[in-house]
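Colleague: Here you go, one structure.
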Amino acid sequence: MGYCRTARPGDLAESALMLQEVARSRFIECQTLFMTSSHIQCWTKPMSSIVASCKRGYKLGIRSGNSDCAMWCLNAAETSMPYQVGKKLSTIAESSSKNVPQMEGLRQQSQMWVTRISWQLVLNLMGDAGDHLVLEGKALTTEDYEKHFDDSLKVMKQWAELELFLFYGEYKLAAKVALDRGDADHFFSGHMTFFENFHRCLALYGMARQTKHRKYCRPANMLRKRIHQWAEAGNPNIKHYDCLLQAEQAALDGKYDVSEKEHKEAIKLAARTGHLHHAGLFNERYADLLKNHVGNEEEAAYRLKEAIRWYEEWGAELKVKMLK
């Protein structure tokens, strides 16, 4: 969605909403709200306001018979966006379990499968799966993959696997997925674009810090620069992304004092905005830097405790057990 990265994307959204006031069609208003909020305004407004617009879009879609768009709004408002901003995993799992039957009942298969993939991801992160690194369990089975998944759903599954590998510290596996997939912006648009790019970048930095290998360092730095440009352009949802990636690059460059400063700022921003998952992950990354590169084991131990505290609040019970 190239148009959402123009100099004034908010103008496009506002124009669409003004035209909607003239049209006064609930069916079309549902679509307008979803497209303007999740694909355009997410680049210029806080995610909290985007979620509210999607919830309104869902209600309008149900009332007007626009089931297709209503279910996309429902997925965005209660599954994908809450996960993106680090809401509690148990809340997302509960909402997803209730929403999947509605999507299936309305025969909205794409929305149903996308929600089930995210639901299973959440269950794995909660420790509610046979193998925490295999995306299979209550919400998804191997048979589902084989029978129902087209190319777009396979990409979505790869995204979910990268999430698992990243949060469980399997950076080699996460980086492999990131490299194999390359740039997936044609699959991930709107609010998922900057989130997906950030975690793909962080997976690469995870291996770059361990190996200093160019095949990880170069694409990580390219993604970092892209995300920095988005932050500089005024995206209010990615300030902590930008700080963390500056910290990662500074660490690679051996500028540990700069890296520590950026790590602290990233953690502060993530915590202040309620991104539970990132507050945990950022503290974990900082603890690794302090222990293995700076040599400050006392501060590293504190940061690890902080990571555990945030992960525990997020609901990632198995991750907490692993770190303890």
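The values are calculated or read from the model by the stated rules, or taken from the named source; none is laboratory data. Only a predicted model underlies this, so the values are computations on that prediction, with no experimental measurement involved. As a convention, Cβ positions derive from the backbone with ideal geometry for all residues, glycine included, and neighbour counts pool all protein chains shown. Only protein heavy atoms, including side chains, enter the accessible area calculation; ligands, DNA and RNA are left aside. Shrake-Rupley method; radii C 1.70, N 1.55, O 1.52, S 1.80 Å.
Colleague: Find out how many positive minus negative residues lie around Glu312, taking Lys and Arg as positive, Asp and Glu as negative, among other residues whose Cβ is under 12 Å from that of Glu312.
Modeller: It works out to a net charge of +3.
Colleague: Using heavy-atom solvent-accessible surface (probe 1.4 Å) with all chains present, what is the largest-first order of Asp288, Asp68, Asp242?
Modeller: The ordering from most to least exposed comes out as Asp68, Asp288, Asp242.
Colleague: Using only protein heavy atoms and a 1.4 Å probe, report how much of Met156 is accessible, in Å² to the nearest 10.
Modeller: My reading of the accessible area for Met156 is about 20 Å².
Colleague: From the list (1) 140; (2) 189; (3) 118, can you say which value of volume of the Cα convex hull per residue in Å³ was derived from the structure given?
Modeller: Among (1) 140; (2) 189; (3) 118, the one calculated here is (3).
Colleague: Oh, and also: Net charge within 14 Å of Ile62 by Cβ-Cβ distance, Lys/Arg positive one each and Asp/Glu negative one each, not counting Ile62 itself?
Modeller: Summing Lys/Arg as +1 and Asp/Glu as -1 gives +2.
Colleague: What order do Tyr311, Tyr145, Tyr302 take when sorted by accessible area (1.4 Å probe), most exposed first?
Modeller: Tyr302, Tyr145, Tyr311
Colleague: Then there is this: What ³J(HN,Hα) values, in whole Hz, does the Karplus curve 6.51 cos²θ - 1.76 cosθ + 1.60 give for region 261-271 when θ = phi - 60°, with x put for Gly and Pro?
Modeller: 4, 6, 4, 4, 5, 4, 4, 4, 5, 5, 5
Colleague: Using a Gaussian network model on the chain with a 10 Å cutoff between Cα atoms, which of Arg200, Arg303, Arg224 fluctuates the most?
Modeller: Arg303
Colleague: I'd like the accessible area for Lys147, computed on protein heavy atoms only with a 1.4 Å probe and all protein chains in place. Round to 10 Å², please.
Modeller: 140 Å²
Colleague: Quote to one decimal, in nm, the extra length available between Ser97 and Glu143 on full extension: 0.36 nm per residue of separation minus the C-alpha distance between them.
Modeller: Gain in length upon complete extension: 14.6 nm.
Colleague: Quick check: pseudo-label points 7 Å beyond the Cα along Cα→Cβ at Met222 and Ser25, how many nm apart are they?
Modeller: 4.2 nm
Colleague: A further question follows. Give, in nm to one decimal, the length gained when the segment between Ala52 and Met322 is fully stretched (0.36 nm per residue of separation minus the Cα-Cα distance).
Modeller: Contour length minus the Cα-Cα distance gives 93.6 nm.
Colleague: Computed FRET efficiency, Cβ-Cβ of Val258 and Leu133, R0 51 Å: what is it to the nearest 0.05?
Modeller: That gives a FRET efficiency of 0.90.
Colleague: Based on the Cβ-Cβ distance of Lys212 and Ala301, what FRET efficiency does E = 1/(1 + (r/R0)^6) give at R0 = 22 Å, to the nearest 0.05?
Modeller: The pair Lys212/Ala301 has a calculated efficiency of 0.30.
Colleague: Taking springs between alpha-carbon atoms closer than 10 angstrom, which of Asn221, Asn197, Asn292 fluctuates most in the Gaussian network model of the chain?
Modeller: Its mean-square fluctuation being the largest, the pick is Asn292.
Colleague: Follow-up. Roughly how many Å² is the accessible area per residue of the chain, as a whole number, for a 1.4 Å probe?
Modeller: Ligands and nucleic acids excluded, the figure is 45 Å² per residue.
Colleague: Which of Lys98/Lys264; Lys157/Lys268; Lys154/Lys305; Lys225/Lys291; Lys59/Lys87; Lys88/Lys324 have a Cα-Cα distance over 29 Å?
Modeller: Lys98/Lys264; Lys157/Lys268; Lys154/Lys305
Colleague: Here is a follow-up. At 222 nm, what helix-only mean residue ellipticity would the chain give, in deg cm²/dmol to the nearest 500, using -39500 (n - 2.57) for each DSSP H run of four or more?
Modeller: Helix-only estimate at 222 nm: -23500 deg cm²/dmol.
Colleague: What do you get for the angle between helix 9-23 and the principal long axis of the chain? Use alpha-carbon atoms, 0 to 90 degrees, nearest ten.
Modeller: 20 degrees
Colleague: What does the charge count near Glu298 come to, summing +1 for each Lys or Arg and -1 for each Asp or Glu among other residues with Cβ under 12 Å from its Cβ?
Modeller: Residues near Glu298 contribute +1 overall.
Colleague: If you don't mind, there's one more thing I want to ask. If the only charges are +1 at each Lys and Arg Cβ and -1 at each Asp and Glu Cβ, what is the size of the charge dipole of the chain around the Cα centre, to the nearest 20 debye?
Modeller: The dipole of the chain has a size of about 420 debye.
Colleague: May I ask you to give the percent of accessible area on the chain that is carbon plus sulfur, with a probe radius of 1.4 Å?
Modeller: 50 percent
Colleague: Moving to a separate point now. Using heavy-atom solvent-accessible surface (probe 1.4 Å) with all chains present, what is the largest-first order of Ser48, Ser90, Ser95?
Modeller: Ser48, Ser90, Ser95
Colleague: Can you find, among Leu164, Phe198, Leu133, the residue sitting farthest towards the positive end of the charge dipole of region 105-200, where Lys and Arg contribute +1 and Asp and Glu -1 at Cβ?
Modeller: So the residue we want is Phe198.
Colleague: For the chain, modelled as a Gaussian network with Cα springs under 10 Å, which listed residue fluctuates most, Phe167, Phe27, Phe198?
Modeller: Phe27
Colleague: Report, in debye and to the nearest 20, how large the dipole of region 90-162 comes out about its Cα centre when Lys and Arg carry +1 and Asp and Glu carry -1 on their Cβ.
Modeller: So the dipole magnitude of region 90-162 works out to roughly 240 debye.
Colleague: Right, another one. Given a 1.4 Å probe and the protein chains all in place, what does the accessible area of His275 round to, in Å² to the nearest 10?
Modeller: 20 Å²
Colleague: I want to check the label-to-label distance for Lys172 and Glu313. Put each point 7 Å from Cα in the C-beta direction and report it in nm to one decimal.
Modeller: Reported label-point gap for Lys172 and Glu313 is 3.4 nm.
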